[in-house]
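Below is one structure, written out as structure tokens; comments come after it.
The values are calculated or read from the model by the stated rules, or taken from the named source; none is laboratory data. Here the structure is a predicted model, which is why all the values come from computation and not from measurement. Please note: Cβ atoms are built from the backbone with ideal geometry, for glycine as well, and neighbour counts cover all protein chains shown. Just so you know, the surface numbers come from the protein's heavy atoms only, side chains and all, with ligands and any DNA or RNA stripped out. Shrake-Rupley method; radii C 1.70, N 1.55, O 1.52, S 1.80 Å.
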Amino acid sequence: MSEQRVRHMVIFCLRHDSGSPESETFLHDGRAILTAIPQVECFEVLRQVSPKNDYDFGFSMEFANQSAYEAYNEHPAHGRFVRERWETEVTRFLEIDLEVMN
């Protein structure tokens, strides 16, 4: 297992209009649910500003190492968020997982 930090990012589009109460609720709930998972560090909610990319939002977070990232993926709260919110409200996404190089 790598001991390097892992940055997990996902950019995505929602079924809801950008700026709508529903999209803001999704972003708020995503932050609240995912940051409650002990392994999650440096969580950020991001909004796209570049015309070069047609995704609307992003979540970015870091993990101490690969083991912490795997524990996050297996955490029941993460699984519930994916099943109950992500799969029903996200229309498309791109996931990026990077080892942080120092």
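If only residues of the stretch 58-102 that are hydrophobic (A, V, I, L, M, F, W, C), open to solvent by less than 70 Å² (accessible area, probe 1.4 Å) and outside any strand (DSSP E or B) are counted, the one that is modelled with the lowest pLDDT is Val100. Within the stretch 9-21, residues that are free of Cβ contacts under 8 Å to residues at least 24 places away in the same chain sit with their Cβ atoms under 9 Å from residues that are outside any strand (DSSP E or B), at 6+ positions apart or across chains, in these pairs: Asp17/Ser23.
Of all residues in the stretch 1-22, those that are part of a loop (DSSP other than H, G, I, E, B), surrounded by 12 or more Cβ atoms within 10 Å (Cβ to Cβ) and out of contact with any Lys or Arg (no Cβ under 9 Å at 6 or more places or on another chain) total 5.
Give the residues of the stretch 25-57 that are among the aliphatic types (A, V, I, L, M), under 15 Å from His78 (Cα atoms) and either touching a strand residue (DSSP E or B) at 6+ places or on another chain (Cβ under 6 Å) or not in a helix (DSSP H, G or I) (or both), sorted by residue number. Explain how you work it out, then say what you get.
From the stretch 25-57, those among the aliphatic types (A, V, I, L, M) are 27, 32-34, 36-37, 40, 45-46, 49; that's our starting set.
Still in the list and also under 15 Å from His78 (Cα atoms): 27, 32-34, 36-37, 40.
Scanning the stretch 25-57 gives Leu27, Ala36, Ile37, Val40.
Taking the criterion of being among the acidic types (Asp, Glu) and either touching a residue at least 12 places away in the same chain (Cβ under 8 Å) or open to solvent by less than 60 Å² (accessible area, probe 1.4 Å) (or both), the residues of the stretch 23-53 that qualify are Asp29, Glu41, Glu44.
Checking the structure you have, find out if any residue of the stretch 55-69 is over 30 Å from Glu3 (Cα atoms), touching a Ser or Thr at 6+ places or on another chain (Cβ under 8 Å) and either free of Cβ contacts under 8 Å to residues at least 24 places away in the same chain or of a type outside the set (S, T, N, Q) (or both). Break it down into steps so the answer makes sense when it comes.
Looking only at the stretch 55-69, we keep the residues that are over 30 Å from Glu3 (Cα atoms), and these are 55-56.
Checking the rest, the ones that are also touching a Ser or Thr at 6+ places or on another chain (Cβ under 8 Å) come to 56.
Retained after the next criterion (residues that are either free of Cβ contacts under 8 Å to residues at least 24 places away in the same chain or of a type outside the set (S, T, N, Q) (or both)): 56.
So far as the stretch 55-69 goes, yes, one or more of its residues are over 30 Å from Glu3 (Cα atoms), touching a Ser or Thr at 6+ places or on another chain (Cβ under 8 Å) and either free of Cβ contacts under 8 Å to residues at least 24 places away in the same chain or of a type outside the set (S, T, N, Q) (or both).
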